[in-house]
1. Output the residues belonging to segment 186-200 that are in a loop (DSSP other than H, G, I, E, B) and not hydroxyl-bearing (Ser, Thr, Tyr).
2. Hey, does segment 290-313 have a residue that's assigned by TED's automatic domain parsing to the domain that holds ASN240, assigned to a strand (DSSP E or B), hydroxyl-bearing (Ser, Thr, Tyr) and at pLDDT 95 or above?
3. Say we look at segment 128-148 and pick out the residues that are in contact with a Pro (Cβ under 7 Å, 6 or more places away or on another chain) and of a type outside the set (Gly, Ala, Ser); which of these is surrounded by the most Cβ atoms within 10 Å (Cβ to Cβ)?
4. Can we say ASP294 is touching a Leu at 6+ places or on another chain (Cβ under 7 Å) and touching a residue at least 24 places away in the same chain (Cβ under 8 Å)?
5. Test of understanding: among ILE115, ILE133, which residue is more than 30 Å from LEU27 (Cβ to Cβ), among the β-branched types (Val, Ile, Thr) and within 26 Å of the chain's Cα centre (by Cα)?
6. With respect to HIS44, is the statement that it is in the same structural domain as ILE207 (by TED's automatic domain parsing) and modelled with pLDDT under 95 true?
7. Only one of (1) assigned to a helix (DSSP H, G or I); (2) free of Cβ contacts under 8 Å to residues at least 24 places away in the same chain fails for THR167. Which number is that?
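The values are calculated or read from the model by the stated rules, or taken from the named source; none is laboratory data. In this text the structure is predicted, and so the values were computed from the model without any measurement. Heads up, the Cβs are rebuilt from the backbone with ideal geometry, glycines too, and the neighbour counts pull from every protein chain shown.
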Amino acid sequence: MKSLKENFSKIHILIIGSGIIGKFNALELSELGFSITIIDPAQHKNSSNAALGLLMGNMYQRRKGRSWDLRKQSMELWPKWLEFLKCFNSELHITKPLIQLTTYEKTFKKLEKFINENNDPDLKILDRDSIIIKKINQAFATKDIKGMISFKDGKINAISLLEALDTYLENKKIEFLEDEIIAIKKVKKQWIAKCKSKKEIKSDIIILCNSLNTINLIGHISHNIKLKPVLGQAIEVGINNAKVDLLSLPKQFNINGKNIIPVSKDKLILGSTDEYTSTKPKKNIFDELTNFLDKQPSWLMDGFITKKWYGIRSKPEGEPSPIMKNLEDGLIICTGFYKNGILLAPACSKWVANEIKNYFS
Ligand SMILES: Cc1cc2nc3c(=O)[nH]c(=O)nc-3n(C[C@H](O)[C@H](O)[C@H](O)COP(=O)(O)OP(=O)(O)OC[C@H]3O[C@@H](n4cnc5c(N)ncnc54)[C@H](O)[C@@H]3O)c2cc1C
């Protein structure tokens with residue numbers, strides 16, 4: 001009797017879109033033995049390349065429902081995938097912990113309530129007496145910051161992750177096409193995807209991982225799927241103050257919703273904006289990204305942008321993020337990840353793999 005892997009190798013799956021979601025699906029499915037083609041005309045210009053790589057799973061404050069289940073599952077799967085992917089990029093790791101801070105008493109009370117109710121040893125309150133908080137308050141010239149620390153959450157370098165996946169896909173000789181799919185249709189039991197170059201690709205299954213453009217390929221009215229763009233910008237800021245050593249601060253933290261990642265003694269990353277109005281990045285975002293305290297420390301206000309970048313996230317309208325559905329026989333949508341595509345990639349590719357296994361069983 002033939003093994004499951006041998007049977008799966010005859011099944012051809014086309015993955016449209018090669019961001020983190022397309023690549024992770026390719027990894028999961030290729031490990032199961034399926035024959036994969038992945039297609040993307042511009043894989044280095046997507047939102048995955050702009051991501052800060054924060055994995056905010058365990059600190060999610062709703063401990064039931066689909067969003068929590070996906071986060072929980074991803075946090076459980078990440079160590080296994082990391083171990084696997086380290087063979088393809090030895091630098092890949094998750095830097096822990098992750099710290100969420102606030103200057104608002106009401107928000108802090110909510111954090112306290114969440115921690116007291118959940119009794120999770122991986123979450124702790126950071127009040128004014130904690131050494132970490134003392135350092136942060138001193139650096140930001142305030143007394144008002146406090147919050148929580150999550151020992152399970154952290155940060156992965158999104159670019160290193162994408163590179164590790166690329167090396168894996170290359171080693172596995174997975175077909176990658178640099179082209180754009182402009183239409184898909186089903187003819188008898190096969191899917192036919194038409195490329196901009198006029199080439200046609202036949203497959204048994206199509207997985208749509210092409211973010212906002214998914215809508216152009218499906219009858220979105222009949223499927224009632226709506227996605228809107230939310231542009232996110234991040235900046236690297238250089239500071240000129242010999243008294244401040246940014247490396248003495250935690251490796252990644254968040255104050256009043258802005259993520260802060262010190263990268264050297266005198267440079268930090270700040271992100272991200274939420275721009276709903278245009279798909280062109282707003283100019284002059286320094287004030288917006290540094291405006292997370294009533295009064296900013298002078299070293300930050302005197303800082304200067306050394307790098308900036310952006311990505312366009314896709315946010316579902318009228319339903320929660322992400323959208324993972326079986327649209328028709330052999331047509332799966334896995335997109336609309338908004339702010340959490342890096343975090344959720346392992347759980348979502350597992351969901352897709354299970355759908356496909358069920359389809360053929
Ligand atoms: C500034 C910023 C910071 C972020 N920080 C974090 C973070 O800290 N943690 C986190 O978890 N998430 C973060 N995110 C969100 C995360 O980046 C996204 O959720 C994730 O990248 C979505 O991945 P994706 O593969 O669905 O989409 P994308 O990465 O956008 O990839 C979609 C791909 O589809 C391709 N495509 C489009 N149309 C077609 C077509 N017709 N044919 C073929 N290919 C096509 C595109 O070229 C593109 O490469 C951040 C996002 C931004 C912008």
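1. Initial filter on segment 186-200 (in a loop (DSSP other than H, G, I, E, B)): 188-189, 196-199.
LYS188, LYS189, LYS196, LYS198, LYS199, listed by residue number.
2. Yes, segment 290-313 contains a residue that is assigned by TED's automatic domain parsing to the domain that holds ASN240, assigned to a strand (DSSP E or B), hydroxyl-bearing (Ser, Thr, Tyr) and at pLDDT 95 or above.
3. Across segment 128-148, the extreme among qualifying residues is PHE140.
4. Details: touching a Leu at 6+ places or on another chain (Cβ under 7 Å): no; touching a residue at least 24 places away in the same chain (Cβ under 8 Å): yes.
Taking the combined requirement at face value, the residue does not satisfy it.
5. Values: ILE133 fails: within 26 Å of the chain's Cα centre (by Cα).
Within the list ILE115, ILE133, the selection yields ILE115.
6. Values: in the same structural domain as ILE207 (by TED's automatic domain parsing): yes; modelled with pLDDT under 95: yes.
Considered against the rule, which asks whether it is in the same structural domain as ILE207 (by TED's automatic domain parsing) and modelled with pLDDT under 95, HIS44 comes out as yes.
7. (2)
Residue by residue, here is whether (1) at pLDDT 95 or above; (2) part of a strand (DSSP E or B); (3) within 11 Å of the ligand (Cβ to nearest atom); (4) more than 18 Å from the chain's Cα centre (by Cα) holds:
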residue	(1), (2), (3), (4)
LYS202	yes, yes, no, yes
ILE221	no, no, no, yes
PRO229	yes, yes, yes, no
GLN233	yes, yes, yes, no
GLU236	yes, yes, no, yes
LYS243	no, no, no, yes
